[in-house]
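Quick notes on the structure that follows.
The values are calculated or read from the model by the stated rules, or taken from the named source; none is laboratory data. What you see is a predicted model; the values in this text were computed from it and never measured. All Cβ positions, glycine included, derive from the backbone under ideal geometry; neighbour counts span all protein chains shown. These accessible areas exclude ligands, DNA and RNA; they are computed on the full protein's heavy atoms, side chains included. Shrake-Rupley method; radii C 1.70, N 1.55, O 1.52, S 1.80 Å.
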Amino acid sequence: NYYLIKQIDAGDTTAKVVAQINLDDWKKDLFVEFSNESATVLQTVQMVLPAGWSVIDYSLITKRRTIPTSDTTKDYNVTALEILEACVSTYEVRFRFNTRDKIIGIINPANYQPQGAFATRDLNLKKLNYKGKSDDFITRLYASGADGLTFASINDGKDYVENFSYSNKIISAYWSDERYTDKESLLEDATAKLAEMARPSRSYQCEILDLANTNPDMYGFEDFSLFNVITLVDDAKSVRTNYQVVER
């Protein structure tokens, strides 16, 4: 990738340099009153693709969603990069940039499956910090779309979805999004949204020996690249769980 230097903190013999990936092509053009008219994520990216760039869709997501919300359509004046940022939350995708060859890839993190990489104190785990919270924990989600749209007619008369995979308590919340004009899409996304909220949020911050790079012949499978799913062995809690790499 090509990067832009944003900060330099220089001493007599050393310097700390902060750089960001060069995405100026995606900030060049302004799209006035932009709307994707309920398109797929691939179609949306193609609408704002800078000159000379190409897109590869690895996500295989075919659902159609609207960007922006209906109440901001007339004053939604944004750059291509801001539209990509909207796609992240709307379609639950991520983007991988190759600024040298001018290629953008659409990634669906949900497609990644465990490939054999693991972290354990006996091999490569140097430091481990656990964080957990249940502030947003719910088991029932009521949902509505544009003009009070619900999915009750295709959901046994219920305008809510439930998920008791972690707890059998009924803890309710309400979600409304005016972009939804299709009851099937509303039901699909409400179910996915609840699946994330129906379990307490848990994450680990780890310090790992990068054996895949230091000894690829023996440990090439220990690949902790972004979005890969690895098996984390927390011997202090006697827990063995699959986690996705979301930050490096």
Please give the Cα centre distance for the stretch 139-173 versus the stretch 15-87, rounded to the nearest Å. 31
So which residue, out of Pro109, Pro216, Pro68, gets the largest mean-square fluctuation from a GNM of the chain using Cα contacts under 10 Å as springs? Pro216
Estimated distance in nm for a label pair at Tyr243 and Ile56, the labels positioned 7 Å out from Cα along Cα-to-Cβ: 2.9
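Given a 1.4 angstrom probe, what's the average accessible area per residue across the stretch 117-248, in square angstrom? Before the final figure, lay out the partial values.
Details: 8180 Å² over 132 residues.
Dividing the accessible area of the stretch 117-248 by its residue count gives 62 Å².
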Where in the stretch 103-129 does the label zone of Phe221 land, with the point 7 angstrom along Cα→C-beta and an amide N cut-off under 13 Å? 114-119
Translational diffusion coefficient of the stretch 86-163 at 37 °C, 0.692 mPa s, Stokes-Einstein with Kirkwood Rh over Cα pairs, in µm²/s as a whole number. 183
Spatially proximal lysines relative to Lys27 (Cα-Cα < 23 Å; intrachain offsets below 8 disregarded): Lys6, Lys74, Lys102
Could you tell me which of the pairs Lys133/Lys193; Lys63/Lys237; Lys63/Lys158; Lys16/Lys127; Lys169/Lys237 are separated by over 28 angstrom between their Cα atoms in the structure shown? Lys63/Lys237
List the aspartates and glutamates whose Cα lies under 17 Å from the Cα of Lys28, skipping any in the same chain that are fewer than 8 positions away. Glu82, Glu85
Where both residues lie in the chain, what percent of DSSP beta bridges are antiparallel, nearest 5? 75
Simple spin-label estimate for Tyr142/Leu81, 7 Å along Cα→Cβ, in nm, reads 4.1
Simple spin-label estimate for Ala152/Gln205, 7 Å along Cα→Cβ, in nm, reads 4.6
FRET E, pair Asn168, Ala10, Förster distance 51 Å, beta-carbon r, rounded to 0.05: 0.30
Which residues in the stretch 83-103 place their backbone N less than 15 Å from a point set 7 Å from the Cα of Tyr2 along the Cα-to-Cβ direction? 97-103
Gained length - Asp135 relative to Ser89, 0.36 nm times residue gap less alpha-carbon distance: 14.5 nm
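Run the accessible area of the chain with a 1.4 Å probe and give the carbon-and-sulfur part as a rounded percent. Don't jump to the answer; show the numbers that get you there.
Values: 7140 of 15300 Å².
So the carbon and sulfur contribution to the accessible surface is 47 percent.
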Could you identify which residue out of Ser35, Ser89, Ser185 has the top mean-square fluctuation in a GNM of the chain using Cα springs shorter than 10 Å? Ser89
quick note, the stretch 119-179, DSSP beta bridge pairs, % antiparallel (nearest 5) is 40
